[in-house]
1. Defining a contact as two alpha carbons under 8 Å apart and six or more residues distant in sequence, what relative contact order in percent does region C:82-137 show?
2. Going by alpha carbons, how many degrees (0 to 90, nearest 10) lie between the helix axis of B:43-52 and the longest principal axis of chain B?
3. Below 8 Å, C-alpha to C-alpha, sequence gap of six or more: please give me the relative contact order for chain D in percent.
4. Please name whichever of C:M9, C:G250, C:S303 sits farthest to the positive end of the charge dipole of chain C, dipole taken about the Cα centre and charges placed at Cβ: Lys and Arg +1, Asp and Glu -1.
5. Other chains' Cβ within 10 Å of A:169-176 residues: what's the mean?
6. With a/c under 1.5 counting as rounded, go ahead and sort the protein assembly as shown into rounded, prolate or oblate using the C-alpha gyration tensor (a ≥ b ≥ c being the square roots of the eigenvalues; past the cut-off, prolate if a/b is larger than b/c, else oblate).
7. Which sequence of D:R131, C:R232 reflects their accessible areas, 1.4 Å probe, from the largest down?
8. Got a sec to turn the phi values of region A:242-259 into Karplus ³J(HN,Hα) couplings, 6.51 cos²θ - 1.76 cosθ + 1.60 with θ = phi - 60°, whole Hz, x for Gly and Pro?
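The values are calculated or read from the model by the stated rules, or taken from the named source; none is laboratory data. In this text the structure is predicted, and so the values were computed from the model without any measurement. Cβ sites come from the backbone with ideal geometry, for glycine too, and all protein chains shown count toward neighbours. Just so you know, the surface numbers come from the protein's heavy atoms only, side chains and all, with ligands and any DNA or RNA stripped out. Shrake-Rupley method; radii C 1.70, N 1.55, O 1.52, S 1.80 Å.
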4 protein chains.
Amino acid sequence: MTAPIRYGMIGGGRDAFIGGVHRMAARLDNSMTLVAGALSSTPEKAIASGLDLGLDANRSYGTWQDMLAGEAKRPELDRMQCVVIVTPNNVHHAPALAALEAGFHVVCDKPMTCTNDEAQELVDATHRTGRVFAVTYNYTGYPMVLQARDMVRSGAIGAIRKVFVEYLQGWLATPLEDDGQKQAHWRTDPTRAGAGGAMGDIGSHAENIMSFVTGLDVEQCCSDATAIVAGRSIDDDTAVLLRFAGGARGVLSASQVCVGHRNGLTLRVYGETGSLSWRQECPGQLHVCTLEGHDTTLHRGDSGLCEAAVNATRLPGGHPEAFIEAFANIYRGAAAAMHAGRDDGAGFGYQTVADGARGVRFINAVIGASGRGWTTLET
Amino acid sequence: MTAPIRYGMIGGGRDAFIGGVHRMAARLDNSMTLVAGALSSTPEKAIASGLDLGLDANRSYGTWQDMLAGEAKRPELDRMQCVVIVTPNNVHHAPALAALEAGFHVVCDKPMTCTNDEAQELVDATHRTGRVFAVTYNYTGYPMVLQARDMVRSGAIGAIRKVFVEYLQGWLATPLEDDGQKQAHWRTDPTRAGAGGAMGDIGSHAENIMSFVTGLDVEQCCSDATAIVAGRSIDDDTAVLLRFAGGARGVLSASQVCVGHRNGLTLRVYGETGSLSWRQECPGQLHVCTLEGHDTTLHRGDSGLCEAAVNATRLPGGHPEAFIEAFANIYRGAAAAMHAGRDDGAGFGYQTVADGARGVRFINAVIGASGRGWTTLET
Amino acid sequence: MTAPIRYGMIGGGRDAFIGGVHRMAARLDNSMTLVAGALSSTPEKAIASGLDLGLDANRSYGTWQDMLAGEAKRPELDRMQCVVIVTPNNVHHAPALAALEAGFHVVCDKPMTCTNDEAQELVDATHRTGRVFAVTYNYTGYPMVLQARDMVRSGAIGAIRKVFVEYLQGWLATPLEDDGQKQAHWRTDPTRAGAGGAMGDIGSHAENIMSFVTGLDVEQCCSDATAIVAGRSIDDDTAVLLRFAGGARGVLSASQVCVGHRNGLTLRVYGETGSLSWRQECPGQLHVCTLEGHDTTLHRGDSGLCEAAVNATRLPGGHPEAFIEAFANIYRGAAAAMHAGRDDGAGFGYQTVADGARGVRFINAVIGASGRGWTTLET
Amino acid sequence: MTAPIRYGMIGGGRDAFIGGVHRMAARLDNSMTLVAGALSSTPEKAIASGLDLGLDANRSYGTWQDMLAGEAKRPELDRMQCVVIVTPNNVHHAPALAALEAGFHVVCDKPMTCTNDEAQELVDATHRTGRVFAVTYNYTGYPMVLQARDMVRSGAIGAIRKVFVEYLQGWLATPLEDDGQKQAHWRTDPTRAGAGGAMGDIGSHAENIMSFVTGLDVEQCCSDATAIVAGRSIDDDTAVLLRFAGGARGVLSASQVCVGHRNGLTLRVYGETGSLSWRQECPGQLHVCTLEGHDTTLHRGDSGLCEAAVNATRLPGGHPEAFIEAFANIYRGAAAAMHAGRDDGAGFGYQTVADGARGVRFINAVIGASGRGWTTLET
């Protein structure tokens, strides 16, 4: 058994949501073990949060700068090997860049940065430092998403013609940010979230899963990014028409005001000879139809699935696996890359800094194009 | 028991599909009875088709012009009262106009005409002649669509914010028109189908059900109408972003190249305080969610449904009703209007000539806007 | 086009439910046409009901005896050819027997009779008179039930090992019969319903669909027939363990106190190499699994379905057909048999007097065995 | 943060399946940490398996007897506190009894023992020693099962009338045991599995979840336990009719030859005023119907769920949790009880030795009653 990667977490303290998920995901397979933290932007709270989690008192730091400095001084076999960044979007770029420069691997939440330039800086720094940089587009860790990718890439449904991807939630249907709800507050604040609201948060996942499965490049988009809830200064509902290189068409929808949706991420891909559809809320199934009229459901754990799907599976079919397991697959892959010393996302099953940068460019293009008709994307 | 309305059918002969459905729909409740026909554009085939159906030999006409003339000469209590037009789209306007002018009521398939001008001519002629004009947007006959409309109109989900409507099929994923398939042939031929392919055929239903349920007016649209299958000269895949009066947003998708879909019409409406969703392939259910988090399924036949839904229901819950029954509801409503001598669609549960004209304008606007960015609709 | 069979209906007048369904089923395809009626056990109501339906005044009879006598006197080309019996169970045997003896064909609701002896009398009379006798086990008219039968009979799932059939409703969860609800009143009265309550009404359908699809003979049963609602003198909830000739096992459940179920008829059949499942409330799909792990959904209208399923289908896939259409298939088959002058249920797609008799024996065996352990069935 | 409970595992070495699941479940929340093991019945394999898992060489024992002895000698703050038993059923009783006697807590897989006497011995020993004894009926760890229990117990559906519980799998549809498949081999061998095959393995879970949710006592049963696959000496398909104290009725089905089922555990409970249904393969939803006709879906993470369900939940709605999380809830509860030093299953969310004993008696009653009609259960 390989020893787990030692990591320090930035963000994810008291009151935060996603930090705890990252920690469970890291722990499920013993992929990584938490050894240090700078868990809040408020030093006192950061330190207290670390003690809550059982960190050594001298490794629960008040700031991420302190953590990078403090850990760098520890003996190599003891010091953290990787930082995990789970702060608001505007606090991704600086610690990620500093961590890379200080020789640490990075696991960073999505969207990777607010601006295209920041994203490019991280791409360059990753290449320069040779560190591993994983962006936690966690939905790509689901076995049946891996299966979908494998089938599309191996031609099982022919050349792609049409893609629908939608990610719908309802939690921002009211101005929750005005009630002091921490998540709502920063996600609806463009200075912390970046240009995209719903688009940056969940639209980013939608873009990623679409690209991950299909491999298609978006050439042009036409979008409508709207703040539906009065007084909001960022989109909470966005729809995008897509034209891909090669002629396929797509529709991407991201909304956080669709009452009744919890976490409705759905991908549907239509090819010349077949189609695939997958729903995140029922993640163990992949529906496959063929031109001949067959309508089949593949299940995680079935025999005959692709190697990547098999490797991402812990339990036999019928014993459902879900969100944490998919998230843990990202950590497992990133840890394996760190052990191997190679930043090779596809091979290890995580999304790289390049994927993260493409995601940032996409968000900014969609928001920029809103209401302006067709726009050509930079590549 | 009221006597059934006597009708003559134009189109719907041997090899046609939809004519037989209209006849079953008319017959199910004895709403209308077939007494005459001009069932094909080829006189010999028209006459033979009428004999197949058991028409009197002297009422199976070679042309619709002959039928209008022949029936006009019969005694009032015997002659047809209504024409039912189930021909390709380019043969709707002329017989409909002539039938109105000759004093007959009209039941006409959708889209009502190819051009906006033709549509307006029928609106004017209907008003001038005082005849009943029903357009067979048959999906509005489903009880749970009526229930959805009633709930939206009575404020059950608050002000509408977002609408998704999609109508996906896969039957034109191959160039079926090249194999002489009759339906495929005319529907992919702009001289017979009009400007819209998938948009005209099924996009038209999508627009109608959206408008019927929500009552929203489309102000602007931005669309991408594409011929995916090589060599096709009309769209087989169209996506449209919508902006409604009042600020709501929408996405309409219509495609006939989405392999795996049979007749995938789905409507989802999101309001300030709740949401509704309905799927044509499972028509007896309506899903309702509320801001408080309730997720409820209403079933046709439940107690507490609106009067229109109750009246459109023949069987108790759990004894499914489907396509033909919904279609029969349109016939029942149109027949009731003819008996009453009033052309009042909403009250009788059918779509009027005005609804038909709005549908034609929408198709033409969407096709016209394709690839050109945002376009304001004529009203 | 063949002329429709002329029928007279016994029962099905004002306030009745199922009579109207029979009439729609007969009319949908013009299989049969109503020419006479004795529509209620109260002569005045019987006559008034006939006039409601537009019957000729002299063919709306006060009693079924009058109808048989009156119709027998009419000219052959005008008189009714068939009686349709939709009365409570205790009024099936006498009119059916008299109708056969008078030379009429019979369509009779299920269960065919209350006692095994009565059932046998009808079997004998049918054979003696050479008339057609159809029992309206309407669920066998669904195309996907026909497909299931064809697949099982042709070995698609191997030798059958296990069958689950359940038919659950909730409408008798309260003592509705005490409130004067007509249906509840006679169905919970053993003098009119026969020995079986839930078992006789819906358990009878469960037995029939199970036998129709599998062809298995029940050898032994062990049952628990219970009156759950206090004061009821007939079962409203029954469960049965089954042992079939050849060693397969089964479980049949019929209950009318299962709150939340509308008309929950479900059949699941497990063979050596595959399995099938079908739900009445979603009748256009048949789920098929194989030993190799394939999980497939067949849809009504798919290419490759068996001939019987194809013949029972009116609309393309995705345009749902439902209860009335399935019921109409029974009428279409029975009418075809009457035209042909042969009482050959399987060939024409209806259930015969022999199927009806088997059903009666099954009900009586289950009720007789309740609480007594294993019982061997008479064959 | 409380320190995790230190445990030693018996069974669960190389080639085993369920041991790894227990370890993930223990680790997910840091509830327990593996410090010792006797991971196989073959000492060499046991020791090698421990090294695979990273155990200290001197704590990877060859036999469970060695482990109990070795750990007892270690300092209190270092030695294991609990044994986790994941061996075949016939190797539960001896190590569990010895562990209790040696002062260790026990987590034991189900069914707890092969015989009723052995089960009673463990009940007595648990009471005598004051240790915590948890039986890993893991399905009771699902939040929506806890919600179902709470609703039933608080009267949300009124007095229970009918229960259906079924647990269907297909993996033993062929004589897999003849191919040397380890799991199949011992589970179809009565000397290792006990009297029940499908009944002991999955029927045991079915009984437990039914009892856990409803609280009903089974008074009488009537069963049919069959070896469907030729040559098998233990049931692979069992159906049971149940009569509960108070008059409710039930049907329990357990089969491992139902091709197409992966892990099909379903519970449906019908009361006087409502009903509940839950499916293990879609564990985050609970369907609730009422007498008034409401059909509602509750989702894990919804506001308004019971405290036990909320406490068993890690992620917001729409972010699915599944099998491992439910299993981890059992470990979390058992660890809390060990910290508290009280063996109070209900309060801590695990099933106790008394539940385990009831389960063993039920299995043996069902198998004993097979084919013999109604049998009264010992209590």
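1. Relative contact order here is 39 percent.
2. 80 degrees
3. Relative contact order comes out at 20 percent.
4. C:S303
5. 3
6. oblate
7. Per-residue accessible area, sorted high to low, gives D:R131, C:R232.
8. 10, 10, 9, 4, x, x, 5, 10, x, 9, 10, 10, 9, 8, 10, 10, 8, 3
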